[in-house]
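The values are calculated or read from the model by the stated rules, or taken from the named source; none is laboratory data. This one's a predicted model, so the numbers in the text were calculated from it and none came from an experiment. Counting neighbours? That spans all protein chains shown, and the Cβs are built from the backbone with ideal geometry, glycine included.
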Amino acid sequence: MILKALLLRPLLRRPWRFLVTVVGVATGVAAVISTIAASRAAIASFAEGIEEVAGAARLEIASPGGLPETLLAELRPVSGDALVVPVVEETVLLLELGDGVRLLGVDLLLDAEVRPVLSGDRELPDLDATLLGFGALVSRRLAEDLDIAAGDALSVSIGGRPRSVEVAAVFEADGLSAVWERVLIMDVAAAQELLGRVGRLDRIELVPRGSVDLDELRVRTDALLPDGLAASPPGERRRFAEQMLASLRFNLVALSAISLLVAGVLIATTLATSVVQRLFVVSLLRSLGASRARVASVVLLEALGIGIVGGVLGVAGGFVGARLALASVRFTVASVVRGIPASEIRFDPQLAALGLAIAVVTALAAAVLPLMEIMSVPPLQGLRTAPPQRMRTRSRLATVAVLLAMAAAAAALARMPAIDDLPIPALTAALVAMAALLVGSGLLLDTLARLGHAPFARLRGAALQLAAAALSAGRRRAAWAAGSVAVAVALAVAIATMVSSFRATVEGWTTSGMRADLWVRPLAAGTGVWVGRLDPEIVTIAEELFGPETADPFYSQTVAYQGRPVSFAGAAFDVVRFHGSVPFPGRDSAEVFDRAWRERAAVVNEPFATRFGIGEGDTVRFELPGGVLEREVVGVFRDYSRSHGLVVVDRSDFLRFFPDAGPDDMALFLPPESDAGVARERLLEAVRGRFLVEALDNRELRAAVLGAFERTFSITTALYLVTAVVAVVAVLTVLLTLVGERRRELATVRAVGGSRGQVLAMVVSEAGLLGLAAAAAGTVVGIAVGVILVKVVNLQSFGWSLELVLPWSSLVTMAVWVVATCLVAGLPPALVAARMQPAAVLREEG
Amino acid sequence: MTGAPVVELDRVGRNYRRGDEEVHALVDLSLTLDSGELVALVGPSGCGKSTALNLVAAVDRPDRGRVTVCGVDIATASENELVALRRRSIGMVFQAFHLVPHLTVEENVSLPLALDGRRDPDRVLDLIDRVGLGHRARHYPSELSGGEQQRTAVARALVHRPRVVVADEPTGNLDSRTGAAVIELLDELRRSEGAALLLATHDARVAGAADRVCELADGRLVGRRS
């Protein structure tokens, strides 16, 4: 009977309440799951894929720029104890897919013992087709996506050069990591030839035979290797790779945590409202003899049900949302590391379980507090009309004191240094600031009501006054809604502030730093992410067409500096010293490069300088494959890409240590009075049919950079939507409850002369006031959080100095959007109130 | 009693559905109320007293017959006309007081004026004084006794100088002494304001103060006495 009275009947009679609560839970869970799933898919193949691809290999030898194949012969003495496996690996653009894939060149005969995809009871491909010609194995998923089968041809772009690969066989990747779905496996010799790396390997893997001692094998292997090379577990390469993405990963995790916060608040709002509105029935049942435990178990059972249903829907929605968010997250990743193939968004049972757990735990936790509240009300008191829940002066002062303490804590945390390069204190400060919204929302509503309440008779608009008074009276319910909407607003405002600051800074950066007339890069993937490098021949073609003094190819490799990954790059100092390039704050770019060229010095980007504490006049020392390079730093330039750090030396220095595998891209400084459009046509004509490249003029280049930036931050649009959903769910839930609780009052208003329109206006005004309060508080806190993100988090995470630019128009739009959304969300409860028949209600309510 | 009646019910019928059952709340009820007159409706619970009051208060419409209040036909009047009628010509007092809990005494009393876009602070404070709550003007309903709440409701019902006051069991939630005081106050104010009063009551003493008593049973008028 208790189950029926408290749960089943209300569910059947007012299913929308249950539905709105479920939607609240599902929205929160979906936000968390989509953020995590999209981040994982965008990053997975870069770091997590390393060990997966390494398979049974326990040691590997690798070096930036690759290894000579002759090293295999040097390792013959250990071949009795371990399989010595050559590997060539590169990300290439698969034209049919319009995206990057991992091209893995391995010894197919040996590899059956190394990689799971080729081992065990899996059917081995027709090796003849693979070993003769450019035959490749592709995964069943990729084959299905592209509708291809063995014998079909695939086109890949390597260094901008289109090449054809034959599908030799399709392999099954069931039960394996998603990484394998975007892999082309080829014989190592074919891969070397295809990639133009004949005689070179990217790494050599060692798979110990039997019970060989790994440490001993490592020592013996190291003894056979030349100086500067050593065997290490694949996990070390993974850790190295992870370091490059550590900041990014942390920020994505932080974004997930913030989603979780919003989700938690939303879930708490809907559940708390749902529980508190049972006060009357709970009191009645208790006065009739129901035990606390029995009532509590039914309420918690409902929370559990809502958690499970909302969790399942949220998980499903989260995986759909992840597909939509993937492009945006990949762009963010591409700002750190170019051309990582993305994994498909696959259903992940662990992540689904996490989503479900979040929903259930948060739902139960959210139900406990209000449950305690209604259980603490003596049954007879609960049956009486609730008096207005106005805040007492002591409570107001206590809340103010807590808010001040939180503000002080946030300010102190924001001033603290990063922990292990991660802006943990600053992000905690941001969370504290947002939590303050939840603490202060009750006080805010109370103050708002007092402002409108005192001069009741003097102010116009009875509906608005009644709305303010009612909102204050229902403060405990309304505060949850105001708090959750305010947190969503604060989040959106903070991100908008960061994006606006970022955009203004990047615009300034492109204007002052991008001086080239033309910019040549490999054909971008359909997703807009660049994959691979330019073929060295393209540099030669450009130099022949426009003169060697015009071409500035940019070469880069990832190397270790003080044990941490950084980008080591080569640029044509002899060219840029006449034109200038990247911006050096307060200095002439051309002069800095002229000095760097004359003194054979280096320039570093701001993230490198920040991360390693390097400034002008310091010396950087690199242990590179061909020896040690020491260069004085003569300039620190602004850079909003490689946040792990970038050191640029003259290309002659770079090419002394690394083979010319082609530049990442190339800038062209055309002679004065040259027409960039004509020059571009000449270049494209010269490479037509041989290379797939893009050439952008200066204006297009800036537009492309800003376009990439916009795509990176397209997630802000999603935040507007999340804010809207939160506002709708919170306002709808709370106002429907308040209207339900105030049936008698609303009927009285009608009876003493209130029109339907006034009742409608009253409830819509409540929604509007709620939205206004949330928008005002959310905007203030959002700006504060935005300042923390711009001035502290960005600097600590990425080493980027950003100019703080507040997006006033966006802030106004956001406030209007939130208030408008709340007004719209207030309409259904308002219509319920307006349609109420006063006679029937007064008769029913006594 | 002079002129046309302010309230006229002519063969009025009103039905409700209660689950599958059709309830005949009023059957052919005819009744008039002249200006300044006090009429009491008496009868057992469920006899149709409150239904009749709701019709006179213009918060409900008849299914059959005609209800005219201050010249307005309740059955055919538009929603706006009914709202205007309630705002300007009708005052209501309920058994359960029905004060807006988050408004003070002063605000509750001024509510009918505020809903009509009017202000008359002097009138509001004067009425509050007259019902003996001058010292409680800034208090909330939850801070008042039952009698004080009903006195507030009486002031609210009269603040806009209605021509008709409708009171549904105004003493039903009060002890006899407080109830008598409220009725005395209501009658005194009604007289001074010149309003007609239609009240439903179980209380014989309250009915005894009426100019006329109409007895209802099963929705029908079964007796009248003056």
Within region B:173-195, is there a residue that is of a type in the set (S, T, N, Q), modelled with pLDDT under 85 and under 30 Å from B:GLU22 (Cα atoms)?
yes
Within the bounds of region A:209-220, is there any residue that is among the hydroxyl-bearing types (Ser, Thr, Tyr) and either within 39 Å of the chain's Cα centre (by Cα) or assigned to a helix (DSSP H, G or I) (or both)?
no
Every residue in region B:14-50 that is buried (at least 17 other Cβ atoms within 10 Å of the Cβ), in contact with a Lys or Arg (Cβ under 8 Å, 6 or more places away or on another chain), at pLDDT below 90 and within 14 Å of chain A (Cβ to nearest Cβ), please.
B:ALA25, B:GLY48, B:SER50
From the list A:LEU701, A:LEU735, A:LEU721, A:LEU706, exactly one residue is touching a strand residue (DSSP E or B) at 6+ places or on another chain (Cβ under 6 Å) and either modelled with pLDDT under 75 or assigned to a helix (DSSP H, G or I) (or both). Which is it?
A:LEU701
What tally of residues in region B:155-187 results from selecting those that are under 24 Å from B:ALA4 (Cβ atoms), touching a Leu at 6+ places or on another chain (Cβ under 8 Å) and in a loop (DSSP other than H, G, I, E, B)?
1
Exactly one condition in (1) facing chain A (nearest Cβ under 7 Å); (2) farther than 30 Å from B:HIS202 by Cβ; (3) not hydroxyl-bearing (Ser, Thr, Tyr) is not met by B:GLY71; state its number.
(1)
B:ALA77 vs. criteria assigned to a loop (DSSP other than H, G, I, E, B), surrounded by 15 or more Cβ atoms within 10 Å (Cβ to Cβ) and on the phi > 0 side of the Ramachandran plot
no
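Could you please let me know if A:VAL805 is assigned by TED's automatic domain parsing to the domain that holds A:ALA470, part of a loop (DSSP other than H, G, I, E, B) and either at pLDDT 85 or above or surrounded by fewer than 24 Cβ atoms within 10 Å (Cβ to Cβ) (or both)?
Values: assigned by TED's automatic domain parsing to the domain that holds A:ALA470: yes; part of a loop (DSSP other than H, G, I, E, B): yes; either at pLDDT 85 or above or surrounded by fewer than 24 Cβ atoms within 10 Å (Cβ to Cβ) (or both): yes.
In short, yes.
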Restricting to region B:51-68, count the residues that are at the interface with another protein chain (Cβ under 9 Å from one of its Cβ atoms) and β-branched (Val, Ile, Thr).
2
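Tell me which residues, restricted to region B:19-73, are of a type in the set (A, V, I, L, M), within 16 Å of the chain's Cα centre (by Cα) and within 25 Å of A:GLY754 (Cβ to Cβ). Please lay out each step first, then the result.
Taking region B:19-73 as the starting set, the residues that turn out to be of a type in the set (A, V, I, L, M) are B:23, B:25-27, B:29, B:31, B:33, B:38-42, B:52-53, B:55-59, B:67, B:69, B:72.
So of that shortlist, the ones also within 16 Å of the chain's Cα centre (by Cα) come out as B:31, B:33, B:38-42, B:52-53, B:55-59, B:67, B:69.
B:LEU33, B:ALA52, B:LEU53, B:LEU55, B:VAL56, B:ALA57, B:ALA58, B:VAL59, B:VAL67, B:VAL69, listed by residue number.
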Just to check your reading of the model, which residue among B:ALA75, B:ALA84, B:ALA137 is touching an Asp or Glu at 6+ places or on another chain (Cβ under 8 Å) and either modelled with pLDDT under 90 or hydrophobic (A, V, I, L, M, F, W, C) (or both)?
B:ALA137
Going by the conditions given, is A:GLY689 more than 35 Å from the chain's Cα centre (by Cα) and either assigned to a loop (DSSP other than H, G, I, E, B) or of a type in the set (Phe, Trp, Tyr) (or both)?
yes
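Sort through A:VAL576, A:VAL628, A:VAL566, A:VAL582 and tell me the only one that's within 26 Å of A:PRO659 (Cα to Cα), among the hydrophobic types (A, V, I, L, M, F, W, C) and assigned to a loop (DSSP other than H, G, I, E, B). Even if it seems obvious, please write down each step before you answer.
Values: A:VAL576 fails: assigned to a loop (DSSP other than H, G, I, E, B); A:VAL628 fails: assigned to a loop (DSSP other than H, G, I, E, B); A:VAL566 fails: assigned to a loop (DSSP other than H, G, I, E, B).
Just a single option satisfies the conditions, and that option is A:VAL582.
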Tally of residues being within 22 Å of B:GLU188 (Cα to Cα) and either of a type in the set (Gly, Ala, Ser) or part of a helix (DSSP H, G or I) (or both) across region B:112-149
22
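Give A:ALA492, A:ALA486, A:ALA414, A:ALA433 a once-over and let me know the one that is among the hydrophobic types (A, V, I, L, M, F, W, C), modelled with pLDDT under 85 and buried (at least 22 other Cβ atoms within 10 Å of the Cβ). Write out each step before concluding.
Details: A:ALA486 fails: modelled with pLDDT under 85; A:ALA414 fails: modelled with pLDDT under 85; A:ALA433 fails: modelled with pLDDT under 85.
On inspection, the qualifying residue turns out to be A:ALA492.
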Say whether the condition of being at pLDDT 70 or above and buried (at least 21 other Cβ atoms within 10 Å of the Cβ) is met by at least one residue in region A:228-248.
yes
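Would you confirm, using the coordinates I've provided, whether A:VAL785 is assigned by TED's automatic domain parsing to the domain that holds A:ARG744 and free of Cβ contacts under 8 Å to residues at least 12 places away in the same chain?
On the way: assigned by TED's automatic domain parsing to the domain that holds A:ARG744: yes; free of Cβ contacts under 8 Å to residues at least 12 places away in the same chain: no.
It is false that A:VAL785 is assigned by TED's automatic domain parsing to the domain that holds A:ARG744 and free of Cβ contacts under 8 Å to residues at least 12 places away in the same chain.
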Of these, B:LEU144, B:LEU85, which one is surrounded by 22 or more Cβ atoms within 10 Å (Cβ to Cβ), farther than 26 Å from B:ARG18 by Cα and either within 13 Å of chain A (Cβ to nearest Cβ) or not acidic (Asp, Glu) (or both)?
B:LEU85
Which members of region B:94-130 meet the condition of being in contact (Cβ under 8 Å) with a residue 40 or more places away in the chain, of a type in the set (Val, Ile, Thr) and more than 7 Å from chain A (Cβ to nearest Cβ)?
B:VAL105, B:VAL109
Working only within region A:747-782, note down all residues that are in contact (Cβ under 8 Å) with a residue 60 or more places away in the chain and not in a helix (DSSP H, G or I).
A:GLY754
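Just need a number here: residues in region B:22-47 that are small (Gly, Ala, Ser) and within 23 Å of B:ALA195 (Cα to Cα). First the steps, then the outcome.
First, the residues of region B:22-47 that are small (Gly, Ala, Ser): B:25, B:30, B:35-36, B:40, B:43, B:45-46.
When the remaining residues are screened for being within 23 Å of B:ALA195 (Cα to Cα), the result is B:30, B:35-36, B:40.
Adding up the residues that qualify gives 4.
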